[in-house]
Amino acid sequence: MEEKFDILVRNAKLRKGGDKLFDIAVKGGKVAKILEKIEGKAEKEIDASGKLVTESFVNTHLHLCKVYTLEMMDEDALKDYHGESMGKAMTAIELAARIKERYDASWIIKNVRKALNLAARNGVTHIRAFADVDNKAKLEGIKALLQAKEEYKDVVELQVVAFPQDGVVREPGAKELVEEAVKMGADVVGGIPWIEYTEEDEQAHIDAMFEIAEKYDKDISMLVDDAGDPTLKTLEMLAVKTIKEGRFGRSLAHHARAMQLYPEPYFQKLVALLKKAQMGVVSDPHTGPLHARVKEMLAEGALVVLGQDDISDAYYPYGRNNMLEVVFLNSHLLWMTTRKDMEKLYDMVTVDAAKAMNVKNFELKEGNPANFVVLKEDNLREAIRNHDEPLYVVSHGKLVDKDEYKN
C-alpha cells in the first residue's frame, strides 16, 4: 500500500547534498523521510525543481514591542545611537524611553502582527522577542507579545523576553515587574546591566535577574556593553556569573559593541570565558556603528549569531524581519564574502541561531520537527544576493499560506 504523507517536496537541492536532488516527506509535524526518491503521495506536493531547501530562519534578537514606533517620535534617539563613536548610546535609550509613556497593548499588538506577518512570509519560524518591562511600559508590551505568541504559535514560535530596558537598580520596581512578567508567561529573563551607573550596580542587576531565572527555571538574554566605552565589562560579568551558577548554555549575550575597543589580551580572556560558559553572542552590526568582533570570535570557536534587532524604531529605521537581508548587510559590514563565509553566515541565522536560543532538534533531518524553506535559488550566493522571500515555508510541520500573512 502506498504511503501517505502530509507534505512531500520533490527534487530538492540540499546544502550538503552535492548535485543530487532529494525528496522530503513530512508527516505528523516531523520530517519523516529524506531520500533521493520517496514512493508515496501527500495532501500537498511541491516540486522544488532543483531549488535549495534548508532549515527555516531564526531571529535571535528582536525588540518586538517597539516595532514601527519610529513614526511616533522624533529622530533624536536615532541620531545619538548612530553617532560614530556610540558614546551617547545611553542618552539614546533615555530619549527613546519617552514613547513608553504611551504604551498600550491595544496598539502594540497591531504593530507586532505586522512584523510577524513578515516573519511568516520570510520563513522566520523562531524569534527571541523582547518586551520592555519598567515603570513606563509596565506590562503592556508583555501582554501584546503573549497574545501574539498564542495567535502565531503554529507559524512563528516566540520566546518572549521580559526586558528591563531602563535598568534594575536605577529603576526601582523593575525587578518585581520582570518577575510578574515571567509569572504571566514570559519565557526568558532579560537584562541590560551596562546601563546601570556603577560596576557594583551592574553586578546587582545581573544577580537580580539570575535570581528570577533560577527561581522559575528560565534562560537569560542580556544586552551587554552596547556603547563605545572600553571600560564596560558586563559581558565578562555575565559569563562569570553563568559559570559560577553552573547554568552552562543558558545565557545569551547581545551586542557587546564595546568589544571592538578592547585590547587583544582582554579579548582572548573573554573568548575563553564565553566558551567555558557555553554562551553565545548575538551581533547586529547593521544597527550600530560599532559591533562585536564577530570574525575573531568565530576564528576562536565561539558561538556567534546574527539578529534583526529592530524594525523601524528609535534605534534603526529599516528592517523587514528578513534574515537573508540581515545576512546580506552583514556580509558587507563584516567582509565575509567567500563561499565559506557565506555558509557560516547562513548558519548564523539558521542552525547556529537555533542553538543559541536552545531550540532543540532544528536541523533538517529525519525525525526532527519540520521547519524548512524552499528558496527561489539553487545556491547560497544567489539567495543572499537576492535576499527574497522563499517560494515555500514549512513551519511546525505545516505549509504556510503566505497569502494569509500579507500586510
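Length gained on full extension, Ala299 to Asp19, computed as 0.36 nm times the residue gap minus the Cα-Cα distance: 97.9 nm.
In this simple spin-label model, placing a label point 7 Å from the Cα along the Cα-to-Cβ direction at both Glu2 and Leu35 gives a separation of 1.5 nm.
Local charge for Asn117 was computed over the other residues whose Cβ lies under 10 Å away, with Lys and Arg +1 and Asp and Glu -1, and equals +4.
Compute the Rg to Rh ratio over the stretch 1-74 from the alpha carbon atoms, using the Kirkwood formula for Rh, and round to two decimal places. Before the final figure, lay out each step's value.
Details: Rg = 18.4 Å, Rh = 14.7 Å.
Rg/Rh: 1.25.
Full extension of the chain between Thr231 and Asp76 gives 53.3 nm of extra length, using 0.36 nm per residue less the Cα-Cα distance. Separation of the stretch 3-75 from the stretch 224-255 is 34 Å, based on Cα centroids.
Just to verify a number: FRET efficiency for Asp217 and Val240, C-beta to C-beta distance, R0 = 25 Å, to 0.05? FRET efficiency, Asp217 to Val240: 0.75. Between Leu298, Leu364, Leu375, the Gaussian network model of the chain with springs among Cα atoms under 10 angstrom shows the greatest mean-square fluctuation at Leu298. Just Asp201, Asp352, Asp132 to compare: in a GNM of the chain, with alpha carbon springs under 10 Å, which one fluctuates most? Checking each option, the largest mean-square fluctuation is seen for Asp201. Modelled label positions at Lys398 and Asn135, each set 7 Å beyond Cα in the direction of Cβ, lie 4.3 nm from each other.
Any read-out appearing in this document is the output of simple, stated calculations on the displayed coordinates, not a laboratory observation. Nothing here was measured: the structure is a model prediction, and the numbers come from that model. Note that we place each Cβ from the backbone using ideal geometry, even for glycine, and neighbour counts take in every protein chain shown.
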